[in-house]
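Heads up: the structure comes next, in structure tokens.
The values are calculated or read from the model by the stated rules, or taken from the named source; none is laboratory data. As the structure is a prediction and not an experimental result, all values here were calculated from the model. FYI the Cβ positions are ideal-geometry reconstructions off the backbone, even for glycines, and counts take in every protein chain you see. What goes into the accessible areas is simple: the full protein's heavy atoms, side chains included, and nothing from ligands, DNA or RNA. Shrake-Rupley method; radii C 1.70, N 1.55, O 1.52, S 1.80 Å.
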Amino acid sequence: MEELLKMRKIEQDYKNYYMESGLRTEEQAISITELRKIFAEGSARYRHLFREDFFGSLMEDAFFPKKQDISVIQHFRYMPATFHQHDFFELACVLSGSFTNFIENQKIRLYPGDIFILSPHTRHAVCAYQDDAVMVNILIRSSTFEQHFLKILPDNGLLYDFFVRTLYDSPNAPYLLFKTGKDSALSSYILQIIREFQRNRRYKSTMLSSLLAIFFVTLLRNHEKDVVVPSIKPAVMSENVIFILQYMQKHFTTITLSHLAEFFNYSDRQMQRIIKTVTGLSFSENIKKMRMNYAAELLSKTDLTVQEIAEMSGYCDVRSFRQLFKSFYGRTPQQYREQEKSAL
């Protein structure tokens with residue numbers, strides 16, 4: 001950590017420029033065009049601080065060593081907040097100090113322990129004007145992120161759908177912010193990832209991949225409920241969102257909207273709006289999807305009768321279950337079972 005706190009030469013140059021010019025971008029980030037103009041018209045001593053490869057649209061190949069899926073970069077202190085985007089996932093880990101992150105139309109303050117997961121192609125900017133501000137960016141190719149983060153969550157689960165929608169189809173800003181506080185285990189993994197990336201050792205790529213997988217498991221295990229959800233509008237924001245989704249997942253065969261709303265102290269209308277906002281589906285659509293997925297799993301993995309599976313999935317009327325299943329999968333339960341077993 002001491003090594004990360006040391007000011008690098010380029011950071012000292014940014015700081016000197018900041019002290020002389022007074023340029024601050026904590027309240028409003030600037031565009032690449034504005035930054036280019038600022039350095040072009042300013043002192044020649046600071047023109048080297050404008051680097052095209054830091055800004056604009058950043059591509060994977062420029063940031064990842066050959067045949068590696070993970071890269072690590074420490075954010076430059078005192079560098080102006082300049083909007084840019086890239087085609088890979090960024091995992092921003094704040095180790096000390098504070099940072100201002102601009103994303104779409106939002107301004108987000110990041111503090112020690114914050115883990116910020118940003119989706120590809122999202123326009124954003126970051127700045128910090130403190131000597132002790134340390135943020136490490138772990139850059140991850142999209143395929144690797146999906147393998148290590150999304151694969152942890154059960155397929156077809158409500159939380160899986162929620163995270164996928166937030167990261168890929170959010171109506172506002174596609175990111176996840178985990179408020180992990182002083183989690184020493186996560187800090188330890190971050191430092192191990194940094195050290196492994198900086199060394200040239202055998203099996204480096206495999207070790208980085210393994211450390212990242214363990215990091216994500218620890219993050220979700222310890223802080224699944226500490227996520228800040230960007231897709232929830234302030235009017236329906238709830239600290240209980242993850243609890244609500246987990247409760248629905250656990251009780252989907254018997255739960256009703258009224259029971260769910262009463263349990264979390266909301267009106268039916270408020271609960272419906274929260275669920276629709278964070279998942280993109282209504283309460284009934286979510287329940288139907290979970291029941292159908294569960295029924296499909298039982299059909300393919302057990303020899304239970306259709307009647308038994310219907311009851312276990314929350315349906316008393318087997319005829320209604322057959323109709324719903326066919327409308328969902330385009331096949332009857334029996335056809336689905338036969339086709340799944342013949343494919344093995």
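Here r is the Cβ-Cβ distance between THR33 and ILE73 and R0 is 30 Å; the resulting FRET efficiency, rounded to 0.05, is 0.80.
Remark: the chain carries a charge dipole of roughly 380 debye about the Cα centre, counting +1 on each Lys and Arg Cβ and -1 on each Asp and Glu Cβ.
In the chain, helices alone account for a calculated mean residue ellipticity at 222 nm of -14000 deg cm²/dmol, with every DSSP H run of four or more residues adding -39,500 (n - 2.57). Helix 268-279 axis versus longest C-alpha principal axis of the chain: approximately 60°, rounded to the nearest ten. Once the Cα atoms are used to define both axes, helix 184-198 deviates from the longest principal axis of the chain by about 60 degrees.
In this rough spin-label picture, where each label sits 7 Å from Cα along the Cβ direction, the GLN12-GLN246 distance is 4.8 nm. In a fully extended conformation the segment linking TYR111 and SER300 would gain 63.3 nm over its present Cα-Cα distance, using 0.36 nm per residue. Each of THR166, THR302 has its accessible area taken with a 1.4 Å probe; listed largest first, they run THR302, THR166. Computed on the stretch 191-344, with alpha-carbon pairs under 8 angstrom and 6+ residues apart, the relative contact order is 15 percent. Given R0 = 30 Å, the distance between the Cβ atoms of GLU308 and GLU285 translates into a calculated FRET efficiency of 0.75. Using θ = phi - 60° in the Karplus curve 6.51 cos²θ - 1.76 cosθ + 1.60, the 3J(HN,Hα) couplings for the stretch 127-144 round to 8, 8, 10, 9, 5, 9, 7, 10, 10, 9, 9, 9, 8, 9, 4, 4, 4, 5 Hz; x is entered for Gly and Pro. Comparing LEU281, LEU91, LEU110, which has the greatest mean-square fluctuation in the GNM of the chain with Cα pairs linked when under 10 Å apart? Judging by the Gaussian network model, the answer is LEU281.
Ranked by solvent-accessible area (1.4 Å probe, protein heavy atoms only, all chains present), the residues ARG165, ARG109, ARG47 order from largest to smallest as ARG47, ARG109, ARG165. What is the percent of Cα-Cα separations in the chain that go past 26 Å? Here the tail beyond 26 Å accounts for 58 percent of pairs. Given their separation in residues at 0.36 nm each and the Cα-Cα distance between them, LEU150 and ARG199 gain 14.8 nm when the chain is fully extended. In the complete set of protein chains, residue-level accessible area for SER184 is approximately 90 Å², probe 1.4 angstrom. Between the stretch 267-334 and the stretch 75-94, the alpha-carbon centres lie 42 Å apart. Among ALA40, ALA81, ALA310, the residue with the largest mean-square fluctuation in a Gaussian network model of the chain, with springs joining Cα atoms closer than 10 Å, is ALA40.
Pick from LYS37, LYS225, LYS179 the residue whose mean-square fluctuation is largest in a GNM of the chain, springs joining Cα atoms under 10 Å. Answer for the Gaussian network model of the chain: LYS37.
Rolling a 1.4 Å probe across the protein heavy atoms gives the stretch 1-145 an accessible surface of 45 Å² per residue. Using 0.36 nm per residue and subtracting the Cα-Cα separation, the extra length available between ARG221 and SER327 on full extension is 34.6 nm.
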